[in-house]
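First comes the structure, then the notes that go with it.
The values are calculated or read from the model by the stated rules, or taken from the named source; none is laboratory data. All of these numbers come straight from a predicted model, not from anything done at the bench. Glycine gets a Cβ as well: all are built from the backbone with ideal geometry, and neighbour counts include every protein chain shown.
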Amino acid sequence: MRTRTKAGIAVIAGIALAVSVGPPLVASPASSTAPIAYVIDMTDGTLTPIDTSTNIAGTPITAETNLQGVAITPDGATAYVTNTTRNTLTPIDLATNTLGIPIPVGTNPQQVAITPDGTTAYVANTGDGLLSTDTVTPIDLTTSPPTPGAPILVGRQPVGVAFTPDGSSAYVTNNFDDTVTVINVATNTGSETISVGDRPSGVAVAPDGKTVYVAVFGAGTVTPIDTSTNIARTPIDVGTRPVGVAITPDGATVYVTNRNDDTVTPIDTFTNIAGTPIGVGDNPRAVAITPDGATVYVANFLEGTVTVIDVATDTVVETISVGTNPFGVAITSANTPGSKADCKKGGWQNFTDNEHTPFSNQGDCVSYVPTGGRNKASG
């Protein structure tokens with residue numbers, strides 16, 4: 001497998017600065033808060049935080065039983081979880097760990113996704129056997145409380161949903177139709193239907209927006225879709241009953257969970273060739289990747305654990321106990337303070353002179369953004 005070199009740049013007051021040596025004014029190293037992985041448990045009805053810098057699980061947040069999907073707003077302030085019993089989407093304030101007012105959605109909601117600008121959520125509802133209940137519910141997150149819109153008709157039993165990076169389109173997997181529906185987000189209408197194979201499940205869009213990857217549960221494959229034409233390409237063989245799919249931020253590798261094999265398959269997106277399966281826990285379902293692309297987190301449904309995979313070596317580095325039946329996982333954005341208070345707690349840097357003596361009351365809010373080596377230190 002490839003070894004990736006990680007590099008970063010500092011972002012100060014919205015300006016990207018390459019690190020250099022010897023300027024009259026420099027920023028001292030920050031102790032930014034690490035991204036948090038949040039794991040939903042279907043049976044326990046909880047959301048468990050995991051600090052990705054230590055891989056220590058925190059105190060579970062009690063929500064509701066029968067949780068199916070989880071997504072986090074880009075600012076890391078709110079998690080949204082779907083509940084199949086109550087047919088709702090519940091917001092959870094991650095600063096206070098308190099539940100908001102449940103939002104009514106469709107029948108039997110499954111996965112949820114949020115647009116990159118954080119203004120809209122889509123919930124896939126598998127329905128109750130009637131075509132009229134096979135829908136996606138759009139939700140306006142800019143209102144208080146968030147407002148559900150008119151349901152969008154898609155194919156039979158929609159389960160997965162993912163947005164393109166520009167937020168203009170959503171791709172929805174229809175498990176009983178063997179199709180993917182493309183939704184125009186501006187109009188909230190289905191624009192195209194793509195055949196992908198037997199019982200599509202998880203779906204993810206590449207960071208460049210050019211390719212969609214669909215886990216095809218019944219066929220044991222992953223089907224790539226070219227977003228410029230919405231034509232499915234040659235399926236990629238993976239393991240038995242693939243379910244979850246995630247893509248590294250650099251777009252180089254897709255990770256797919258194989259439910260019946262207890263493995264995760266890495267796929268090289270340059271060649272679309274599957275690598276050696278990685279053994280994980282019993283019945284892996286959801287998969288998520290840290291913003292720096294270094295670590296993969298896998299929820300093992302029948303084992304009550306989360307498996308941690310190092311991307312550089314594609315090896316398991318840790319197994320974390322999290323509950324009874326972990327089903328979904330989502331990770332907060334890369335060290336981005338969500339408020340002035342958050343900034344002061346972890347993302348604040350004092351400006352210093354060349355001898356690293358802080359200037360009085362001079363600093364700014366800073367986050368680190370991985371650049372894949374595009375910005376080098378000068379000397």
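The number of residues in the stretch 172-195 being touching a Phe, Trp or Tyr at 6+ places or on another chain (Cβ under 8 Å) and either outside any loop (DSSP other than H, G, I, E, B) or not hydrophobic (A, V, I, L, M, F, W, C) (or both) comes to 6. Among residues of the stretch 147-171 being assigned to a loop (DSSP other than H, G, I, E, B) and among the small types (Gly, Ala, Ser), the one that is surrounded by the most Cβ atoms within 10 Å (Cβ to Cβ) is Gly155. For the list (1) in contact (Cβ under 8 Å) with a residue 24 or more places away in the chain; (2) not in a strand (DSSP E or B), I need the number of the one condition that Asp198 fails. Against the list (1) in contact (Cβ under 8 Å) with a residue 24 or more places away in the chain; (2) not in a strand (DSSP E or B), Asp198 comes up short only on (1). Within the stretch 305-335, the residues that satisfy the criterion of being surrounded by 18 or more Cβ atoms within 10 Å (Cβ to Cβ) and closer than 16 Å to Ile56 by Cβ are Thr305, Val306, Thr307, Val308, Ile320, Val322, Gly323, Pro326, Val329, Ile331, Thr332. In the stretch 45-129, counting only strands (runs of 3 or more DSSP E) that sit wholly within it, the ones holding 1 or more residues that are hydroxyl-bearing (Ser, Thr, Tyr) and either surrounded by 15 or more Cβ atoms within 10 Å (Cβ to Cβ) or without any contact (Cβ under 8 Å) to a residue 12 or more places away in the chain (or both) span 46-51, 78-83, 88-93, 120-125.
Taking the listed residues Asp117, Asp93, Asp128, the one that is out of contact with any strand residue (DSSP E or B) (no Cβ under 9 Å at 6 or more places or on another chain), modelled with pLDDT of 95 or more and of a type outside the set (Phe, Trp, Tyr) is Asp117, with no other qualifying. For the stretch 263-297, the set of residues classified as of a type in the set (Asp, Glu) and surrounded by 21 or more Cβ atoms within 10 Å (Cβ to Cβ) consists of Asp292 only. Within the stretch 253-280, the set of residues being under 23 Å from Thr332 (Cβ atoms) and either more than 16 Å from the chain's Cα centre (by Cα) or among the polar types (S, T, N, Q) (or both) comprises Thr253, Thr257, Val264, Val280. Checked against (1) closer than 16 Å to Tyr255 by Cα; (2) modelled with pLDDT under 95; (3) of a type outside the set (Lys, Arg), Val306 passes all but a single condition, namely (2).
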